[in-house]
(Lines give C-alpha, C1' and ligand atoms only; values in the text may rest on other atoms or scores of the structure.)
Protein backbone atom coordinates (compact mmCIF):
# COMPACT_ATOMS: atom_id res chain seq x y z
CA UNK A 1 0.00 0.00 0.00
CA UNK A 2 2.76 2.57 0.76
CA UNK A 3 4.20 2.02 -2.71
CA UNK A 4 0.79 2.53 -4.31
CA UNK A 5 0.20 5.64 -2.24
CA UNK A 6 3.61 7.03 -3.16
CA UNK A 7 2.91 6.42 -6.84
CA UNK A 8 -0.42 8.23 -6.57
CA UNK A 9 1.24 11.19 -4.88
CA UNK A 10 3.97 11.36 -7.54
CA UNK A 11 1.42 11.21 -10.36
CA UNK A 12 -0.62 13.89 -8.64
CA UNK A 13 2.42 16.15 -8.31
CA UNK A 14 3.26 15.66 -11.99
CA UNK A 15 -0.30 16.49 -12.96
CA UNK A 16 -0.16 19.71 -10.93
CA UNK A 17 3.23 20.60 -12.44
CA UNK A 18 1.82 20.08 -15.93
CA UNK A 19 -1.52 21.81 -15.53
CA UNK A 20 -1.34 24.48 -12.84
CA UNK A 21 -1.28 27.90 -14.56
CA UNK A 22 1.00 29.29 -11.85
CA UNK A 23 3.92 27.29 -13.29
CA UNK A 24 3.60 28.74 -16.80
CA UNK A 25 6.65 30.93 -17.65
CA UNK A 26 5.96 34.57 -16.85
CA UNK A 27 9.49 35.87 -16.33
CA UNK A 28 12.59 34.99 -18.37
CA UNK A 29 15.86 36.47 -17.14
CA UNK A 30 18.90 36.60 -19.44
CA UNK A 31 22.34 37.46 -18.08
CA UNK A 32 25.99 37.31 -19.10
CA UNK A 33 25.44 38.63 -22.63
CA UNK A 34 27.19 41.70 -23.99
CA UNK A 35 27.48 41.01 -27.71
CA UNK A 36 24.49 38.75 -28.32
CA UNK A 37 21.15 40.48 -27.86
CA UNK A 38 18.48 39.32 -25.45
CA UNK A 39 16.09 39.04 -28.39
CA UNK A 40 18.36 36.61 -30.24
CA UNK A 41 18.87 34.51 -27.13
CA UNK A 42 15.13 34.27 -26.46
CA UNK A 43 14.42 33.48 -30.10
CA UNK A 44 16.93 30.61 -30.11
CA UNK A 45 15.81 29.41 -26.69
CA UNK A 46 12.26 28.89 -28.02
CA UNK A 47 10.74 28.52 -24.53
CA UNK A 48 7.18 27.23 -24.83
CA UNK A 49 4.92 29.96 -23.38
CA UNK A 50 2.06 27.71 -22.22
CA UNK A 51 4.09 24.81 -20.82
CA UNK A 52 4.96 24.49 -17.13
CA UNK A 53 8.54 25.37 -16.26
CA UNK A 54 8.86 21.87 -14.80
CA UNK A 55 8.13 20.29 -18.17
CA UNK A 56 10.44 22.55 -20.18
CA UNK A 57 13.56 20.73 -21.43
CA UNK A 58 16.23 23.00 -20.01
CA UNK A 59 19.10 21.00 -21.55
CA UNK A 60 17.59 21.37 -25.03
CA UNK A 61 17.03 25.09 -24.43
CA UNK A 62 20.69 25.47 -23.49
CA UNK A 63 21.86 23.62 -26.60
CA UNK A 64 19.76 25.84 -28.84
CA UNK A 65 21.23 28.98 -27.28
CA UNK A 66 24.76 27.56 -27.57
CA UNK A 67 24.19 27.25 -31.32
CA UNK A 68 24.52 31.05 -31.51
CA UNK A 69 28.07 31.58 -32.84
CA UNK A 70 29.14 34.00 -30.08
CA UNK A 71 27.74 31.89 -27.21
CA UNK A 72 30.18 29.52 -25.51
CA UNK A 73 27.96 28.15 -22.74
CA UNK A 74 24.30 28.57 -21.79
CA UNK A 75 23.02 27.38 -18.40
CA UNK A 76 19.24 27.29 -17.99
CA UNK A 77 17.68 27.32 -14.50
CA UNK A 78 14.08 27.17 -13.30
CA UNK A 79 12.98 29.90 -10.88
CA UNK A 80 9.76 28.74 -9.19
CA UNK A 81 6.99 29.40 -9.45
CA UNK A 82 7.06 30.87 -12.96
CA UNK A 83 10.55 32.03 -13.92
CA UNK A 84 13.42 30.79 -16.09
CA UNK A 85 16.96 32.16 -16.02
CA UNK A 86 19.41 31.80 -18.92
CA UNK A 87 23.05 32.52 -18.03
CA UNK A 88 25.42 32.72 -20.98
CA UNK A 89 29.15 33.14 -21.42
CA UNK A 90 30.30 34.63 -24.69
CA UNK A 91 33.25 33.86 -26.91
CA UNK A 92 35.97 36.46 -27.44
CA UNK A 93 37.34 37.39 -30.88
CA UNK A 94 40.87 36.01 -31.21
CA UNK A 95 41.96 36.27 -34.86
CA UNK A 96 40.91 36.76 -38.45
CA UNK A 97 40.99 33.74 -40.73
CA UNK A 98 41.21 34.25 -44.48
CA UNK A 99 40.62 31.63 -47.15
CA UNK A 100 40.55 32.89 -50.71
CA UNK A 101 38.00 35.71 -50.92
CA UNK A 102 36.43 34.78 -47.57
CA UNK A 103 37.45 36.18 -44.19
CA UNK A 104 35.93 35.66 -40.76
CA UNK A 105 36.48 36.38 -37.09
CA UNK A 106 37.21 33.33 -34.92
CA UNK A 107 37.74 32.73 -31.21
CA UNK A 108 40.69 30.84 -29.79
CA UNK A 109 39.01 27.48 -30.37
CA UNK A 110 38.72 28.51 -34.06
CA UNK A 111 34.93 28.67 -34.00
CA UNK A 112 33.72 31.12 -36.63
CA UNK A 113 31.93 34.02 -34.93
CA UNK A 114 31.00 36.23 -37.88
CA UNK A 115 32.24 37.38 -41.29
CA UNK A 116 35.03 39.95 -41.15
CA UNK A 117 34.02 43.57 -41.68
CA UNK A 118 37.46 45.04 -42.35
CA UNK A 119 37.72 47.09 -39.15
CA UNK A 120 39.28 44.46 -36.90
CA UNK A 121 42.71 44.87 -35.33
CA UNK A 122 43.35 41.14 -34.95
CA UNK A 123 46.13 38.87 -36.19
CA UNK A 124 45.42 37.36 -39.60
CA UNK A 125 45.77 33.64 -40.32
CA UNK A 126 45.93 33.01 -44.05
CA UNK A 127 44.72 29.56 -45.14
CA UNK A 128 44.56 27.88 -48.52
CA UNK A 129 41.52 28.65 -50.66
CA UNK A 130 38.40 26.57 -50.30
CA UNK A 131 38.13 26.38 -46.50
CA UNK A 132 34.52 26.88 -45.38
CA UNK A 133 34.13 29.75 -42.89
CA UNK A 134 30.58 29.25 -41.65
CA UNK A 135 29.45 31.14 -38.51
CA UNK A 136 28.94 28.74 -35.61
CA UNK A 137 31.21 26.07 -37.16
CA UNK A 138 34.82 25.34 -36.23
CA UNK A 139 37.42 25.96 -38.95
CA UNK A 140 38.08 22.45 -40.30
CA UNK A 141 41.61 23.02 -41.67
CA UNK A 142 44.40 21.60 -39.42
CA UNK A 143 46.66 24.41 -40.65
CA UNK A 144 44.49 26.91 -38.74
CA UNK A 145 45.38 25.25 -35.43
CA UNK A 146 49.04 25.15 -36.45
CA UNK A 147 49.04 28.90 -37.11
CA UNK A 148 47.16 29.62 -33.88
CA UNK A 149 49.69 27.66 -31.82
CA UNK A 150 52.57 29.43 -33.54
CA UNK A 151 50.96 32.82 -32.89
CA UNK A 152 50.56 32.05 -29.19
CA UNK A 153 54.20 30.98 -28.95
CA UNK A 154 55.22 34.25 -30.60
CA UNK A 155 52.96 36.36 -28.39
CA UNK A 156 54.30 34.63 -25.27
CA UNK A 157 57.72 36.07 -26.14
CA UNK A 158 56.35 39.58 -26.45
CA UNK A 159 56.71 39.59 -30.24
CA UNK A 160 54.03 41.31 -32.33
CA UNK A 161 52.81 39.24 -35.27
CA UNK A 162 50.23 40.70 -37.63
CA UNK A 163 49.95 37.84 -40.14
CA UNK A 164 50.74 34.14 -40.24
CA UNK A 165 50.59 31.90 -43.29
CA UNK A 166 52.04 28.71 -44.70
CA UNK A 167 54.39 28.73 -47.67
CA UNK A 168 54.07 26.23 -50.51
CA UNK A 169 56.13 23.72 -48.55
CA UNK A 170 53.93 24.00 -45.48
CA UNK A 171 56.39 26.15 -43.55
CA UNK A 172 55.19 28.92 -41.23
CA UNK A 173 55.76 32.49 -42.40
CA UNK A 174 55.18 35.28 -39.90
CA UNK A 175 54.87 38.97 -40.70
CA UNK A 176 55.79 41.13 -37.73
CA UNK A 177 54.41 44.55 -36.89
CA UNK A 178 57.70 46.01 -38.13
CA UNK A 179 57.09 44.44 -41.55
CA UNK A 180 59.96 41.96 -41.20
CA UNK A 181 58.96 38.42 -42.17
CA UNK A 182 60.13 35.39 -40.24
CA UNK A 183 60.43 32.23 -42.34
CA UNK A 184 60.16 29.58 -39.63
CA UNK A 185 59.58 26.40 -41.61
CA UNK A 186 58.01 23.53 -39.65
CA UNK A 187 56.96 23.95 -36.00
CA UNK A 188 59.89 21.73 -35.00
CA UNK A 189 62.27 23.63 -32.69
CA UNK A 190 59.96 26.65 -32.86
CA UNK A 191 61.10 27.97 -29.49
CA UNK A 192 64.74 27.89 -30.61
CA UNK A 193 63.89 29.64 -33.86
CA UNK A 194 61.95 32.39 -32.11
CA UNK A 195 64.78 32.97 -29.63
CA UNK A 196 67.18 33.31 -32.53
CA UNK A 197 64.79 35.68 -34.31
CA UNK A 198 64.68 37.94 -31.26
CA UNK A 199 68.46 38.02 -30.98
CA UNK A 200 68.91 38.84 -34.66
CA UNK A 201 66.16 41.47 -34.63
CA UNK A 202 67.73 43.21 -31.64
CA UNK A 203 71.05 43.47 -33.49
CA UNK A 204 69.35 44.79 -36.62
CA UNK A 205 67.59 47.53 -34.68
CA UNK A 206 70.85 48.58 -33.08
CA UNK A 207 72.60 48.73 -36.45
CA UNK A 208 69.60 50.19 -38.33
CA UNK A 209 69.87 47.51 -40.99
CA UNK A 210 66.89 47.33 -43.35
CA UNK A 211 65.94 43.64 -43.51
CA UNK A 212 62.91 42.31 -45.32
CA UNK A 213 63.00 38.74 -43.98
CA UNK A 214 64.86 36.37 -41.69
CA UNK A 215 65.05 32.81 -42.93
CA UNK A 216 65.20 30.48 -39.93
CA UNK A 217 64.17 27.27 -41.60
CA UNK A 218 67.67 26.00 -40.82
CA UNK A 219 68.38 27.54 -37.37
CA UNK A 220 72.05 26.69 -37.55
CA UNK A 221 72.43 28.86 -40.66
CA UNK A 222 70.00 31.78 -40.59
CA UNK A 223 69.78 33.91 -43.72
CA UNK A 224 68.93 37.61 -43.88
CA UNK A 225 67.06 38.98 -46.87
CA UNK A 226 67.60 42.72 -47.29
CA UNK A 227 65.16 45.19 -48.79
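The values are calculated or read from the model by the stated rules, or taken from the named source; none is laboratory data. Since this is a predicted model, take the numbers as computed values, not measurements. FYI the Cβ positions are ideal-geometry reconstructions off the backbone, even for glycines, and counts take in every protein chain you see.
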Check: Does the range 73-89 contain at least one residue that is out of contact with any helix residue (DSSP H, G or I) (no Cβ under 8 Å at 6 or more places or on another chain), closer than 27 Å to residue 134 by Cα, touching a residue at least 24 places away in the same chain (Cβ under 8 Å) and crowded, with 17+ Cβ neighbours inside 10 Å?
Finding: no
Notebook entry, point to check: Which of the following residues is in the same structural domain as residue 100 (by TED's automatic domain parsing), touching a strand residue (DSSP E or B) at 6+ places or on another chain (Cβ under 7 Å) and more than 24 Å from residue 96 (Cα to Cα): 216, 164, 196?
Noted result: 216
Check: Which fully enclosed strands (runs of 3 or more DSSP E) of the range 137-225 have 1 or more residues being over 23 Å from the mean Cα position of the chain (by Cα) and more than 19 Å from residue 126 (Cα to Cα)?
Finding: 211-215
Notebook entry, point to check: Would the range 105-114 turn up any residue that is over 21 Å from residue 36 (Cβ atoms) and either over 16 Å from the mean Cα position of the chain (by Cα) or surrounded by 18 or more Cβ atoms within 10 Å (Cβ to Cβ) (or both)?
Noted result: no
Margin query: Take residue 202 and tell me if it is at negative phi and in contact with a helix residue (DSSP H, G or I) (Cβ under 7 Å, 6 or more places away or on another chain).
Written below: no
